[in-house]
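The values are calculated or read from the model by the stated rules, or taken from the named source; none is laboratory data. Just so you know, these numbers come straight off a predicted model, no measurement behind them. Because the Cβ atoms are built from the backbone with ideal geometry, glycine has one as well, and the counts that use them run over all protein chains shown.
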Amino acid sequence: MSIPYDPTLAPSTAPAITSFLASFYATSDNEALHEKYADSFTQDATLIMASKVATGSEEILSLRHGLWTHVFSRSHSVSRLYFGAQDSVMLYGKVVYTLKSDKEREIEVPWAARADFVLEPVVRMRFYQVYLGPSAQSGK
């Protein structure tokens, strides 16, 4: 996945962050990678997915499992990324998913997100908030 951003406005950390995000969304789109998804966050990270809030590794892992309850498949794409600081971004894109109850129908949902990172010793998110409509989270 390529993540578009303006390199003239990007900090020196841009390659590490965009590489991390490309891997993160590939992981997010694979139901089997729950542990790897949770490992994308610091131990004390906060994840806010619409109205759902998870703090810490165990809660993030539990929320991640719940995100796949009704979903058969999903595919994220990032339309644009904006840097707010060396370790902070805003981005927007879309996710296309199918539900277990209707595998023939694709649903496209626009989303936006804010992410703050810890860059050393490896890149991980310490805060991640996803903004989307409530119908997208209901899985129905």
Check: Hey, R126 hits all of (1) more than 30 Å from A10 (Cα to Cα); (2) in a strand (DSSP E or B); (3) modelled with pLDDT of 95 or more but one; which does it fall short on?
Finding: (1)
Next item on the list: Taking only the stretch 57-76 into account, find how many residues are surrounded by fewer than 15 Cβ atoms within 10 Å (Cβ to Cβ) and assigned to a strand (DSSP E or B).
Entry: 1
Notebook entry, point to check: Within the stretch 7-56, can you find the residues that are among the polar types (S, T, N, Q), in a loop (DSSP other than H, G, I, E, B), at pLDDT 95 or above and farther than 21 Å from Q86 by Cβ?
Noted result: N30
Next item on the list: Working only within the stretch 77-87, note down all residues that are more than 15 Å from D6 (Cα to Cα) and buried (at least 17 other Cβ atoms within 10 Å of the Cβ).
Entry: D87
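Which one of these is within 28 Å of S12 (Cα to Cα), out of contact with any helix residue (DSSP H, G or I) (no Cβ under 9 Å at 6 or more places or on another chain) and surrounded by fewer than 15 Cβ atoms within 10 Å (Cβ to Cβ): A26, A32, A113? Can you show your working first?
Working: A32 fails: within 28 Å of S12 (Cα to Cα); A113 fails: surrounded by fewer than 15 Cβ atoms within 10 Å (Cβ to Cβ).
A26 is the lone residue from the list that is within 28 Å of S12 (Cα to Cα), out of contact with any helix residue (DSSP H, G or I) (no Cβ under 9 Å at 6 or more places or on another chain) and surrounded by fewer than 15 Cβ atoms within 10 Å (Cβ to Cβ).
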Check: Out of (1) within 15 Å of the chain's Cα centre (by Cα); (2) without any contact (Cβ under 8 Å) to a residue 12 or more places away in the chain, what's the single condition that is false for E35?
Finding: (2)
Check: Which members of the stretch 68-103 meet the condition of being over 25 Å from A32 (Cα atoms) and either free of Cβ contacts under 8 Å to residues at least 40 places away in the same chain or among the charged types (D, E, K, R) (or both)?
Finding: R80, G84, D87, S88, M90
